[in-house]
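For reference, the structure discussed in these notes is given below.
The values are calculated or read from the model by the stated rules, or taken from the named source; none is laboratory data. In this text the structure is predicted, and so the values were computed from the model without any measurement. Methodologically, a virtual Cβ is constructed for each residue, glycine included, from the backbone with ideal geometry; neighbour enumeration extends over all protein chains shown. For accessibility, only protein heavy atoms count, side chains too; no ligands or nucleic acids. Shrake-Rupley method; radii C 1.70, N 1.55, O 1.52, S 1.80 Å.
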Amino acid sequence: MKWANTIKWCKDHVELIDQRKIPLKEEYLKIRTAEEMYKAIKEMIIRGAPAIGVAAAYGIALAALKTKNKETLQKKIALIESARPTAYNLFYAVKRMKDLLEKSERIEASSFVKEAIAIHEEDKKLTELLGENGAPLIEDKALYMTICNAGALATGGIGTALAVFYKAKEQGKKFTVFVPETRPYLQGARLTAWELQKNGIEVILIVDGAIGHILKTENIKGVFVGADRIAKNGDVANKIGTYSLAISAKENNVPFYVVAPKTTFDIDLVTGERIPIEERPEKEVTEIMGLRVAPHNIKVRNPAFDVTPGKLISGIVTDKGIIPPPFKKNIKRILC
Ligand code: MRU
């Protein structure tokens with residue numbers, strides 16, 4: 001894979017590609033404080049579950065470079081943890097940093113930096129494994145579909161769902177990926193189309209409303225999506241529209257795969273019912289790239305995620321292998 005500059009630790013700051021600007025500009029921002037990292041996560045400068053986790057860990061490391069006071073650090077950790085509610089990787093990474101704080105007698109900034117780098121390195125390895133485990137599902141000269149952006153831009157490594165495509169390409173397979181634009185934030189049109197194209201994979205961009213038609217009329221061999229949080233029974237929270245995509249895939253007998261590392265599994269949650277679903281600002285719906293497209297004074301709902309029931313999922317590709325249904329039994333058996 002040629003391209004992956006999503007997040008980089010630079011000794012006293014973190015460098016992020018500004019994902020709000022892609023594909024029009026490739027701009028990098030320097031993040032120097034926990035507050036700046038909180039803002040970067042909240043405002044989608046960096047997004048995607050595993051990338052949010054890595055960013056959170058680095059944000060806490062930046063805070064540890066600036067204080068010797070445990071209470072101050074705890075407050076910065078709480079701030080970062082409040083940035084977004086759905087992606088479990090954020091809470092996984094924050095917990096590791098909290099555990100380190102708890103067992104430290106005093107704050108050694110270098111150990112927080114070391115832990116954040118370890119979380120990033122582990123994410124890189126996990127995404128490689130996702131790609132390797134999922135690549136055998138990809139056939140030469142076939143058609144596939146994804147949603148949102150579950151690529152290098154969404155992780156500290158090569159991606160989750162898109163890692164499967166990258167590894168299959170490395171193995172010499174040629175294939176085409178249908179990419180729904182993914183309103184309201186357009187992660188599909190802006191990020192996935194850009195990232196796949198940059199890495200030499202053929203993309204066909206479609207509007208979200210074309211998903212059912214394409215699944216019905218084209219010979220799509222599989223749908224591959226990422227995940228923000230997976231419950232113990234295989235219910236999967238992912239970008240809004242994933243649930244409708246899974247229903248459409250089922251209706252048209254297209255296999256529907258979720259691709260996620262162990263750090264996305266919240267096995268304390270028995271079902272997906274209690275996964276917190278983020279509601280984002282109305283402006284994302286009433287405007288497109290700053291241009292008003294809806295009447296003023298209109299009521300708006302903007303849930304950023306939905307939960308796909310495990311019964312619609314053909315398999316969950318993880319770093320430990322592909323988990324087949326029934327997930328209630330197999331997640332515990334394979335992952336725990
Ligand atoms: O709101 P976002 O862009 O952070 O949402 C991202 C997703 O829903 C991704 O599909 C998910 O994190 C996939 S894992 C790389």
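Per this entry, Met37 is counted among residues that are in contact with a strand residue (DSSP E or B) (Cβ under 9 Å, 6 or more places away or on another chain), within 16 Å of the ligand (Cβ to nearest atom) and touching a residue at least 24 places away in the same chain (Cβ under 8 Å). Of all residues assigned to region 236-253, none qualifies as being surrounded by fewer than 23 Cβ atoms within 10 Å (Cβ to Cβ), assigned to a strand (DSSP E or B) and more than 15 Å from the chain's Cα centre (by Cα). Scanning region 170-185 for residues that are crowded, with 20+ Cβ neighbours inside 10 Å and out of contact with any Asp or Glu (no Cβ under 9 Å at 6 or more places or on another chain) yields a single hit, Val179. Pairs are defined by a Cβ separation below 6 Å, a sequence spacing of at least 6 or placement on different chains, a first member in region 233-253 that is over 19 Å from Ile323 (Cα atoms), and a second member that is open to solvent by 20 Å² or more (accessible area, probe 1.4 Å) and outside any strand (DSSP E or B); the pairs so defined are Gly241/Asp208; Ser248/Gly212; Asn252/Lys216.
Based on this model, can you work out whether Ala64 counts as more than 21 Å from the chain's Cα centre (by Cα), of a type in the set (A, V, I, L, M), open to solvent by 50 Å² or more (accessible area, probe 1.4 Å) and away from the ligand (no atom under 16 Å from the Cβ)? So Ala64 fails the test. Within region 257-271, if we keep just the residues that are more than 21 Å from Val94 (Cα to Cα) and away from the ligand (no atom under 14 Å from the Cβ), the residue that is surrounded by the fewest Cβ atoms within 10 Å (Cβ to Cβ) turns out to be Val270. Checking each residue in region 158-212 for being in a loop (DSSP other than H, G, I, E, B), under 14 Å from Ala4 (Cα atoms) and hydrophobic (A, V, I, L, M, F, W, C) picks out only Ile158.
Only one of the numbered conditions (1) part of a helix (DSSP H, G or I); (2) within 18 Å of the chain's Cα centre (by Cα) is violated by Leu73, and that is (2).
Tallying residues that are farther than 26 Å from Cys336 by Cβ, in contact with a strand residue (DSSP E or B) (Cβ under 7 Å, 6 or more places away or on another chain) and more than 14 Å from the ligand (Cβ to nearest atom) within region 235-249 yields 1.
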